[in-house]
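Q: Please see the structure below; I have some questions.
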Amino acid sequence: MTETKPPADIRISSLPDTVAPPMDLILMADPNQEQVAEYLPHCLILVANHLDLTVGVLALSPEGKTKAEIKVLAVTPGYRRKGIGRLLLEEAGERARRLGFTELQVCTGNSSIKPFQLYQQAGFELTDVRWNYFTHHYPQPIMEEGIVCKHQLVLHKSL
């Protein structure tokens, strides 16, 4: 599949503290509501907007002095494969670098084939596999593209 250019009028910005995060999108990326409720308050939330619609979200969390982690990256189904995820990743990398982080981490499931591809295209390298992570930490099984999500893939990128 070929990725097309994002619409010219996509805007990436920080979500103001006074605005509720787009939970429908966030829960598409991480369906564990309890886990999301724990980490989301500590995250910088970036949103991609097209006209008046929020079409993408990324949550960036500090994980020590040198590392930031992308906890969530989600794009509305009708806007996928248009470069919006890539724009969010680029902005997250720039923000993390400006904040003094030297490493960016992202974790995804073994069944998340397209996100895994996107992260590698964005310069992330697979550094670890957390075996059976999703079967132990998520109350309901996760299925994507007919694949059971069991293992967490950990990827890193130097900034």
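The values are calculated or read from the model by the stated rules, or taken from the named source; none is laboratory data. Computed from a predicted structure; not experimentally measured. Every residue, glycine among them, receives a Cβ derived from its backbone with ideal geometry; neighbour counts consider all protein chains shown. Calculation scope for accessible area: heavy atoms of the full protein, side chains included, ligands and nucleic acids excluded. Shrake-Rupley method; radii C 1.70, N 1.55, O 1.52, S 1.80 Å.
Q: Let me know the charge dipole size of the chain about its Cα centre in debye, to the nearest 20, where only the beta-carbon of Lys, Arg (+1) and Asp, Glu (-1) is charged.
A: Working: 16 positive and 18 negative charges, 78 e Å.
With only Lys, Arg, Asp and Glu charged at Cβ, the dipole is about 380 debye.
Q: Rounded to the nearest 0.05, what FRET efficiency is calculated for residue 148 and residue 63 with R0 set to 22 Å and r the Cβ-Cβ distance? Please list the in-between numbers first.
A: Values: r = 27 Å, r/R0 = 1.24.
My answer for the efficiency is 0.20.
Q: How charged is the neighbourhood of residue 14? Take every other residue with its Cβ under 10 Å from the Cβ of residue 14, and add Lys/Arg as +1 and Asp/Glu as -1. Mind showing how you got there, number by number?
A: Working: positive: 95; negative: 17, 91.
Surrounding charge for residue 14 is -1.
Q: Here's a follow-up. Please report how far the C-alpha centroid of region 86-159 lies from that of region 1-47, rounded to the nearest whole angstrom.
A: 15 Å
Q: Given a 1.4 angstrom probe, what's the average accessible area per residue across region 15-159, in square angstrom?
A: Working: 7900 Å² over 145 residues.
Accessible surface, normalised per residue, equals 54 Å².
Q: What is the percent carbon and sulfur in the accessible area of region 1-135, measuring with a 1.4 Å probe over the protein chains and ignoring ligands? Numbers along the way, then the final one.
A: Numbers: 3930 of 7440 Å².
Accessible surface attributable to carbon and sulfur in region 1-135 totals 53 percent.
Q: Pop a pseudo-label 7 angstrom from the Cα along the beta-carbon direction at both residue 14 and residue 137 and give the gap in nm to one decimal.
A: Spacing of the two 7 Å Cα→Cβ label points: 2.6 nm.
Q: Over the chain, what relative contact order in percent results from Cα pairs under 8 Å that are six or more residues apart?
A: Details: 277 pairs, mean separation 31.6, N = 159.
Normalised by residue count, the contact order of the chain is 20 percent.
Q: Further, regarding this structure: Taking springs between alpha-carbon atoms closer than 10 angstrom, which of 54, 102, 127 fluctuates most in the Gaussian network model of the chain?
A: Top of the fluctuation ranking is 127.
Q: As an exercise, identify the trypsin sites (Lys or Arg not before Pro) in region 1-81 lying in DSSP coil whose Cβ has no more than 10 other Cβ atoms within 10 Å.
A: Values: sites: 11, 65, 67, 71, 80, 81; in loops: 65, 80, 81.
Qualifying residues, ordered by number: 65.
Q: Report, ordered by chain and residue number, the lysines lying within cross-link reach of residue 5, taken as a straight Cα distance under 16 Å and ignoring same-chain residues fewer than 8 apart.
A: Hits, sequence-local ones excluded: 82.
Q: I'd like the projected area of region 52-159, averaged over all directions, using the convex hull of its alpha carbons. Report it in nm² with one decimal. Before the final figure, lay out each step's value.
A: Working: hull surface 30.1 nm².
That works out to 7.5 nm².
Q: How large is the convex hull of the Cα atoms of region 52-107 per residue, expressed in Å³ as a whole number?
A: On the way: hull volume 4.5 nm³, N = 56.
In region 52-107, the Cα hull volume divided by residue count equals 81 Å³.
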